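Structure first, then comments.
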Amino acid sequence: MRTRTLPTRLTALALALLMAGCAVGPTYRQPAMDVPVDFKEGRGQWIPAAPADALQRGPWWQLFGDTQLNELASRVEISNQNVAAAVAAYAQARALVAEQRASLFPTVTLDAGANRSGRGGGGGSSKSYQVNIGGSWEPDVWGRLRRGVDAARAGEQASVADLAAARLSAQGELAADYFALRGADVQRGLLDETIKGYQRSLEITQNRYTAGIAAKTDVLQAQTSLANAQADALTLERQRAQLEHAIAVLVGQAPANFTLAALPGWQATVPAVPVDVPSTLLQRRPDIAAAERRVAAANERIGIAMAGYYPSLRLTGSAGLSAASIGDLFSASSLVWALGVSLAQTIFNGGATTAQVAGARAALDEAAARYRQTVLDAFAQVEDDLVALRILAQQLTLRQQAAQAASQVEEQVLNRYKAGQVGYTEVITAQATALSARRNLVQMQADRQTAAVALIQALGGGWQGI
């Protein structure tokens, strides 16, 4: 009778221990942040950051109204190798969650065998056959396994955020390179027109020199201006080629197989930034979400380490069949079974468990500090980009005025030179000033677009979908 009730008693003991147990370790709380009340730039108000990186961002690059950019950006997610690596890392994190979750369930094994044995000297031989099924289970009395699953799940969520960060980084870099390339196109068109003007000036000066009404130095100065402008055009050609190569890599294509046609007449478009952009957009920043999830994972690892202070419980069981012949193997008399319960407690390990707990707590402090720093950096980036857009918009107006005035001066000085009223040195000065003003204007337009891209990245992917 005692034998028949033994499995029931062992099961009852295990369940009692399981029900009496509880998860050890600290309850997770998101790290506190001391944040400003409102923006220094703009009218939005800060709120405590919370991961919301799964919110729909929308195709933010469409804000710039460039069909070529739209096509390139759509290829980043498919072909960019850094994004592909992040996708693979996410797949690994998901597999780790599944692996950790499997530890909550029993492990069951099945084995079968056949043996033949004998003795020398004609003693004969004998055969035996066995089939055994066994299992073991470690009840999660102290929550160590559950915390392992939670830590792995937090790691998976961090990997999701890392994937979003990889996409956002690649798309932002693509947009910045694309706008720099188009800016180079516009500057090259500007230089080509300037070179044509310098060539005309050189012809005029050469004719005046031939007629004896201009000095040789005037011709040399005109040649110098022309050569410098041609050299600047070659510099732009090199810079554009490098930008084109970088874009090719971002879309996952060999630079030799990738070409973007030049657009000298390209017009820059800068999306209007709402002055009351809410700070909740920061919640969509994937780096903030990843940092917060790593804090949660570090918190769970403290509980895993603390479980080392407590005994571990393991249930085992097996049932098997053994017989001298296959025909007798499945008879009731050949059944053998066993059940067992084991408790193990570490008595002394030289303070290893205490050190592991201390290390886990330090890791939590480190993760929390990195999270806070990430949030502070996000605040600063948004402020920087907002003020950059505001100042660049004001500078653009001034650059436009400067370019218009310099062009008028250039034209007037050249006419006066033709009339013999001024020397060619004044022409050179006026031309150099006008070219510099025009190039500064083009660069200012490209800078505004780059600053808009930076703000979109700082806000976690723009302000759409809110």
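Just so it is clear, none of the values below were taken in a lab; they were calculated from the coordinates. Keep in mind it's a predicted model, so treat the numbers as computed, not measured. Neighbour counts run over all protein chains shown; Cβ positions are idealised from the backbone, glycine included.
The phi torsions of the range 439-449, fed into the Karplus equation with coefficients 6.51, -1.76 and 1.60 and a -60° offset, translate into couplings of 5, 5, 5, 4, 5, 5, 5, 5, 5, 5, 5 Hz, rounded to whole numbers, with Gly and Pro shown as x.
If we count other beta carbons within 10 Å of each Cβ, what is the order of Tyr198, Tyr28, fewest first?
Numbers: Tyr198 23, Tyr28 16.
Starting with the residue having the fewest Cβ neighbours, the order is Tyr28, Tyr198.
Placing a label point 7 Å from the Cα of Leu220 along the Cα-to-Cβ direction, the residues of the range 405-438 with a backbone N closer than 18 Å are 423-429. Sorting the segments 404-411, 172-179 by their residues' average number of neighbouring beta-carbon atoms within 10 angstrom, most packed first, yields 172-179, 404-411. Roughly how many whole Å is it from the C-alpha centroid of the range 398-466 to that of the range 125-164? Cα centres, the range 398-466 to the range 125-164: 66 Å. Rg over Rh for the range 203-254 works out to 1.44, both radii taken from alpha-carbon positions and Rh defined as the Kirkwood radius. Estimated from the Cβ-Cβ distance and a Förster radius of 56 angstrom, the FRET efficiency linking Arg75 and Leu339 is about 0.40. Fully extending the segment from Arg370 to His245 would add 41.5 nm, taking 0.36 nm per residue of separation and subtracting the current Cα-Cα distance. Of the residues Thr316, Thr450, the one with the fewest other Cβ atoms within 10 Å heads the list, and the complete ranking is Thr316, Thr450.
The residues Met444, Met306, when put in order of fewest to most other Cβ atoms within 10 Å, stand as Met444, Met306. Phi angles across the range 191-205 convert, under the Karplus curve 6.51 cos²θ - 1.76 cosθ + 1.60 with θ = phi - 60°, into 3J(HN,Hα) values of 5, 4, 5, 5, 4, 4, x, 5, 5, 5, 5, 5, 5, 4, 5 Hz, Gly and Pro given as x.
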